[in-house]
Amino acid sequence: MVDKGMRKGGGIGDSTVPVYYNEKEKYLFKLVHDSSYQIVINIICLNIIFGIIVNSFATLRDQKKKNDEDMHNVCYICNFERLIFDKDSEGGFDRHIQADHNLWQYVFYIVHLNTKDSSDYTGIESYVTDKLNEQDYTWIPR
């Protein structure tokens, strides 16, 4: 019943033997049976499934919006908000992320450490390399 009723356009009524109006008792039973199937399966269950899908996409959309807002309004390195820099510093948040805490400079530094011979490291480079190998990011200023 679930298999045929879900695949056919008219519900379970398309898959069962037709009952004619002159057999009133069978007709009313079939009418209630087919209608209850239509209400329970096609309306309630499918709407629950679609509701879960829509809710999942809404959650993903909200998370993406939160991530975008965080990316554009919080410094990745020091974790201070845009408002602090726009209020208290010259040049504001944009100058801070371009000059003081440019994320790409940290990436270039890590690439530099990975490509440089370990015997040529300075003391700071050795310290940062050890922290990176331990996956300890406390060397990044906070």
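Where a number appears in this text, it was derived from the coordinates with a stated rule and is not lab data. None of these values were measured; they are calculated from a predicted model. All Cβ positions, even for glycine, are placed from backbone atoms using ideal geometry, and neighbour counts span all protein chains on display.
How far apart, in nanometres, would the label points at GLN63 and LEU46 be if each is projected 7 angstrom from Cα along the Cα-to-Cβ direction?
About 2.9 nm, to one decimal.
For region 53-137, which GluC sites (Glu not before Pro) are both in a DSSP coil and crowded by at most 16 other Cβ atoms within 10 Å? Write out the running numbers ahead of the final one.
Details: sites: GLU69, GLU81, GLU90, GLU125, GLU134; in loops: GLU90, GLU134.
Answer in residue order: GLU90, GLU134.
Spin-label point model (7 Å from Cα, Cβ direction): what's the LEU132 to TYR21 distance in nm?
Distance between label points: 8.3 nm.
Which net charge results when you count Lys and Arg as +1 and Asp and Glu as -1 among the other residues whose beta-carbon is under 15 Å from that of ASN102?
Details: positive: ARG95; negative: ASP94, ASP100.
Local charge sum for ASN102: -1.
What's the Cα-based Rg to Rh of the chain, Rh via Kirkwood?
On the way: Rg = 32.1 Å, Rh = 21.8 Å.
For the chain, the value is 1.47.
Could you tally the net charge around ASP86, taking each other residue with its Cβ under 12 Å from the Cβ of ASP86, Lys/Arg +1 and Asp/Glu -1?
Working: positive: ARG82, LYS87, ARG95; negative: GLU81, ASP88, GLU90, ASP94.
After counting each charged neighbour, the total is -1.
When only C-alpha pairs under 8 Å and at least 6 residues apart count, what is the relative contact order of the chain, in percent?
After rounding, I find 12 percent.
Report the FRET efficiency, 1/(1 + (r/R0)^6), for ASP86 and TYR109, where r is their Cβ-Cβ distance and R0 is 30 Å, rounded to 0.05. All intermediate terms of the calculation are to be shown ahead of the outcome.
On the way: r = 27 Å, r/R0 = 0.91.
After rounding, the FRET efficiency stands at 0.65.
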